[in-house]
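Below is one structure, written out as structure tokens; the observations come after it.
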Amino acid sequence: KLYDAGRLNEPLLDTIMANTRVPQWCYGDLQAQVNALLLGEARLTVLIERYGAELLLAAIEELRRRSEQQMRTAIARLPNGVYHFSDCLDNDGIDDQPQIIKLALEVRGSEMSLDFSGASPQGRGTVNMSLSTTMSSVYVAIKHVMTDVPLNGGCFAPIKFTIPKGSLLYAGEASTVGGYNEAVMRVVDVVLGALGQAVPGLAPAASFSTLNVIIISGSHPRRGRYVMYGFTGGGNGAGADIDGLTHCNGSHGMACSQPWEIMEHLYPVLYHQVALRVDSAGAGRQRGGFGATYRYELRHGPAVASILGDRSRVGPFGVHGGQSGATSQVRFLRRDGVYVPPMGAKDEHIQLQTGDIIELSTPGGGGYGDPQQRSREAVQRDLDRGYLTAEAARRLYNYEAK
């Protein structure tokens, strides 16, 4: 509806912009999407003119066929069997009960089936998922370990699903799904956990798997009305022969937050600290990556904040004897005292004033293997770099600092 025969529907665009709090930013996002489509159209037109539609369609079908064949070959290398794994979200933001994601993954010949019948029912909160989002999350996890298979529709033809409608992972039409990103990352972790049971060493331990999105809205003294959207990184899970990476993107994408200097320029905040979170990595023969600590101040109030995150109750799991990474921690240091969200990392309508501080510590990744098998040199290196305290080295690795 936005364009009609190439002509912009300006009344519709005006209506859309009038219904957002930050039209200047939304207009830029919308135009970026339109330009991407126009570029795709232009590039496809060049291919059609050069090779003809019939040959181009035949090539697309051949690519799809080859990807399916390669994926079937990759699945056939896995041992036949049924592999179970489960994890949970802290809560849905309204009812303070764990939201379970339980998986039975079956490998039979060159096909794989995933049964999520054990998932929690859809909740009143915002972390529900649509069917297509759940399926996409599974595909992301599988592509994390089967990296050589070209990515197209044929790649996923051998993969079948059982996902009950009305569950957390296949919510009905009346459900809210705005916080689906938190559930997406948990599905990725669960699928990787099951694949790691099929072939030890194939998949890593769990990553931090929460964006911990904090939104602050108010009025800037020079720029007027603003909505600040900030998300965070954390530690990745360790692999069979490698430590987890530190302060990374979420497992489902490569989006990066804006530089802190830009955030300070656009919004009335001042960052006091963005640092590696000491002792946050899950211990193991290979340790997880470290999370981060963010600390910033609201320079001009009043403002209203909300947070949508997770991993505040159960840290990212370790595998094969590895330990879990640290959980999320969120605090608002207000003039009337310290406020900690009662549901851990989900809350809304948090009132802030000038000088109030937001503190957020993100999870570390899970560890891989028995911590007592970690090399003494690796433990001492983390101590020397300040990643690990002497007390944690004794407790986790039975190691005395030199």
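The values are calculated or read from the model by the stated rules, or taken from the named source; none is laboratory data. None of these values were measured; they are calculated from a predicted model. Positions of Cβ are generated from backbone atoms using ideal geometry, with glycine treated the same way; all protein chains shown enter the neighbour counts. Quick note on the areas: whole protein, heavy atoms, side chains included, nothing else; ligands and nucleic acids left out. Shrake-Rupley method; radii C 1.70, N 1.55, O 1.52, S 1.80 Å.
Return only the number of the condition from (1) open to solvent by less than 10 Å² (accessible area, probe 1.4 Å); (2) closer than 27 Å to GLY366 by Cα that LEU298 does not satisfy.
With respect to (1) open to solvent by less than 10 Å² (accessible area, probe 1.4 Å); (2) closer than 27 Å to GLY366 by Cα, LEU298 is out only on (2).
Please identify the pairs in which a residue from the range 5-21 that is in contact (Cβ under 8 Å) with a residue 60 or more places away in the chain has its Cβ atom under 9 Å from the Cβ atom of a residue that is surrounded by 13 or more Cβ atoms within 10 Å (Cβ to Cβ) and of a type outside the set (A, V, I, L, M, F, W, C), counting only partners at least 6 apart or on another chain.
ARG21/SER217; ARG21/TYR226
Give me the pairs, please: first residue somewhere in the range 358-386 and modelled with pLDDT of 95 or more and outside any strand (DSSP E or B), second residue anywhere and surrounded by fewer than 17 Cβ atoms within 10 Å (Cβ to Cβ) and of a type in the set (A, V, I, L, M, F, W, C), beta-carbon distance under 6 Å, and either six or more positions apart or on two chains.
Every condition considered, the pairs that remain are LEU383/ALA401.
Among the listed residues VAL338, VAL319, identify the single one that is among the hydrophobic types (A, V, I, L, M, F, W, C), on the phi < 0 side of the Ramachandran plot and open to solvent by 40 Å² or more (accessible area, probe 1.4 Å).
On the way: VAL319 fails: open to solvent by 40 Å² or more (accessible area, probe 1.4 Å).
When all the criteria are applied, what remains is VAL338.
If you go through the range 75-102 one residue at a time, how many are part of a strand (DSSP E or B), hydrophobic (A, V, I, L, M, F, W, C) and under 30 Å from VAL330 (Cα atoms)?
Residues meeting the conditions: 5.
Listed here are the residues, each with its yes/no results for (1) exposed (fewer than 14 other Cβ atoms within 10 Å of the Cβ); (2) of a type in the set (S, T, N, Q); (3) over 30 Å from PRO316 (Cα atoms); (4) in contact with a strand residue (DSSP E or B) (Cβ under 9 Å, 6 or more places away or on another chain).
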| site | (1), (2), (3), (4) |
| --- | --- |
| GLN24 | yes, yes, yes, no |
| GLY28 | yes, no, yes, no |
| ALA32 | yes, no, yes, no |
| LEU39 | yes, no, yes, no |
| LEU44 | yes, no, yes, no |
| GLU61 | yes, no, yes, no |
| ARG66 | no, no, yes, no |
| ALA74 | no, no, no, no |
| ASN80 | yes, yes, no, yes |
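Here are some residues: LEU266, LEU270, LEU276. Which one is modelled with pLDDT of 95 or more, under 17 Å from ALA305 (Cα atoms) and open to solvent by 10 Å² or more (accessible area, probe 1.4 Å)?
Testing whether each residue is modelled with pLDDT of 95 or more, under 17 Å from ALA305 (Cα atoms) and open to solvent by 10 Å² or more (accessible area, probe 1.4 Å) leaves just LEU270.
Enumerate the pairs (first residue in the range 35-58 and closer than 27 Å to ASP4 by Cα and touching a residue at least 24 places away in the same chain (Cβ under 8 Å); second residue anywhere and open to solvent by 100 Å² or more (accessible area, probe 1.4 Å) and polar (S, T, N, Q)) with beta-carbon separation below 7 Å, excluding pairs fewer than 6 apart on the same chain, so at least 6 apart or on different chains.
none
Looking at (1) touching a Gly at 6+ places or on another chain (Cβ under 8 Å); (2) at negative phi; (3) among the small types (Gly, Ala, Ser); (4) not in a helix (DSSP H, G or I), which is the only condition ALA119 fails?
That leaves (1) as the condition not met.
Whether any residue in the range 243-262 is of a type in the set (A, V, I, L, M) and open to solvent by less than 50 Å² (accessible area, probe 1.4 Å) is what I want to check.
no
Any residue in the range 324-345 that's over 26 Å from PRO204 (Cβ atoms) and of a type in the set (A, V, I, L, M): show its pairings with residues that are open to solvent by 30 Å² or more (accessible area, probe 1.4 Å) and part of a loop (DSSP other than H, G, I, E, B) at Cβ separation under 6 Å, as long as the two are six or more apart or on different chains.
MET343/ASP96
Having 1 or more residues that are within 16 Å of the chain's Cα centre (by Cα) and among the hydrophobic types (A, V, I, L, M, F, W, C) is the bar; report the strands (runs of 3 or more DSSP E) wholly within the range 212-310 that clear it.
Once the strands (runs of 3 or more DSSP E) in the range 212-310 are filtered for at least 1 residues that are within 16 Å of the chain's Cα centre (by Cα) and among the hydrophobic types (A, V, I, L, M, F, W, C), what remains is 213-220, 292-298, 303-308.
With the structure loaded, tell me whether LEU192 is of a type in the set (A, V, I, L, M, F, W, C), at pLDDT 95 or above and in contact with a Pro (Cβ under 7 Å, 6 or more places away or on another chain) or whether it fails that test.
Yes; evaluated as a whole, the condition is true for this residue.
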